[in-house]
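Scroll down for the structure; my scribbles are underneath it.
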Amino acid sequence: MAQRFAFRSNNYYLSLIDWEDEKDPIRRIIIPQTAELENWGRLDPSNEHRYTVMRGLEHKYPSTALLLVSNVCDGFCRYCFRKRVFMKNCQEVLRDIPAAIQYIREHREITNVLLSGGDPLSLSTQKLHKIIKQLRQIEHIGIIRLGTKIPAYNPYRILNDRHLIKTINKYSTPQKRIYVITHFDHPREITDVAIKAIALLHKAGAVMENQTPLIRGINDDPFVLAELFRTLSFIGISPYYVFQCRPTVGNKPYAVPVEEGYDIFESAKSMVSGLAKTARYIMSHTTGKISIAGKTEDHIFFKYHRTADDEDNSQMIVAASNPQAYWFEDYPELIEYREFVEQQIIG
């Protein structure tokens, strides 16, 4: 198994597992299983290579640049959509930082930069500080985002590094904030230690939001998902995106069909207050971020939330219901919402 898909964890995260429970959700997040060997999916299901302008720099949406600054995480999620980055001979991680900074400087339409990977907090604070400092020197960059699972996987990385907190404090200004996008998948990851780390980041001036995929056996229960939303809101983290699990190689045992996922998501939202129901259920597709906006007995409704092509902006699309669909391509007959309405009127 490890020869095909990498495994990595640490003592802190492994200590959260109830080893007597074979269905323990923390165990399922991190421990490999043979079902991952099923032939299903692709290594790059969202075709990130299409928007890669240089090694380690993606520019899919006009206002956003994504930098793959690391090919390491403190733990490797079994359902990772970017597991190709952890494979041998990966040539996708940023190496030429000056060239990437120059590209961003020359493209004034870019207002926010997402540091991802891997996990940007797996870098030394010295390296991370260097990147953030250079980005902050670009006038048109308003937001720097750190996409990280470190608060869940290893909150001591934050608690024990005062230089990291100083970096956040220095460059998260009242006019231009640093956003820390956390990755809590299950309420049990939000430990007392993790909450202390979150509090330090808040105190340093970071704005915090959370994203999680909807994963079979982890948070595909509306009560669990509602508890996650609720707990996040209590500690000052806004639920941001709930992603449809991407059809990546090895991900079949973790995927939930789109329409089942929508029902789980909506049921969870119904149990929490307004501040805890800010998340969107999103499919991060080649063409853009597609919101799963609604469904009836016979149809499912999609709306483009962000688009790579401006012509698709805010477009609504309708498809016939397919309970077995896991991805957008599993709905072969798509029509625009306006055409759907006209058909209903004529019918």
Handout entry: Residues satisfying the stated conditions in segment 280-309, i.e. touching a residue at least 40 places away in the same chain (Cβ under 8 Å) and small (Gly, Ala, Ser)
Key = Ser284, Gly288, Ala308
Handout entry: Residue in segment 85-106 that is in contact with a helix residue (DSSP H, G or I) (Cβ under 9 Å, 6 or more places away or on another chain), of a type in the set (Asp, Glu) and over 30 Å from Phe223 (Cα atoms) present
Key = yes
Problem - Checking Asn160 against (1) within 20 Å of the chain's Cα centre (by Cα); (2) over 30 Å from Lys289 (Cα atoms); (3) polar (S, T, N, Q), the condition it does not meet - result: (1)
Practice task
Check off (1) among the charged types (D, E, K, R); (2) touching a Gly at 6+ places or on another chain (Cβ under 9 Å); (3) touching a residue at least 60 places away in the same chain (Cβ under 8 Å) for Asp220 and give me the number that stays unchecked.
Solution key: (3)
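Take the conditions touching a residue at least 40 places away in the same chain (Cβ under 8 Å), touching a strand residue (DSSP E or B) at 6+ places or on another chain (Cβ under 6 Å), more than 19 Å from Ile144 (Cα to Cα) and not basic (Lys, Arg) and apply them to Tyr12. Does it pass?
Details: touching a residue at least 40 places away in the same chain (Cβ under 8 Å): yes; touching a strand residue (DSSP E or B) at 6+ places or on another chain (Cβ under 6 Å): no; more than 19 Å from Ile144 (Cα to Cα): yes; not basic (Lys, Arg): yes.
No, not satisfied.
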Practice task
Find all pairs meeting these conditions: Cβ atoms under 8 angstrom apart; at least six residues apart or on different chains; first residue within segment 177-191 and more than 11 Å from Tyr240 (Cα to Cα); second residue among the aromatic types (Phe, Trp, Tyr) and buried (at least 21 other Cβ atoms within 10 Å of the Cβ).
Solution key: Ile190/Phe184
Completion exercise
Among the residues of segment 52-102, the number that are without any contact (Cβ under 8 Å) to a residue 12 or more places away in the chain, surrounded by fewer than 20 Cβ atoms within 10 Å (Cβ to Cβ) and in a strand (DSSP E or B) is 0
Exercise for the section: Scan Arg27, Arg42 and give me the residue that is closer than 26 Å to Asp309 by Cα and not β-branched (Val, Ile, Thr). Expected result: Arg42
Completion exercise
Residue set Pro155, Pro187; condition modelled with pLDDT of 95 or more and in contact with an Asp or Glu (Cβ under 9 Å, 6 or more places away or on another chain); output residue Pro187
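The values are calculated or read from the model by the stated rules, or taken from the named source; none is laboratory data. None of the values given here were measured: they were computed from a predicted structure. Here Cβ is always computed from backbone atoms with ideal geometry, including for glycine, and neighbour counts include all displayed protein chains.
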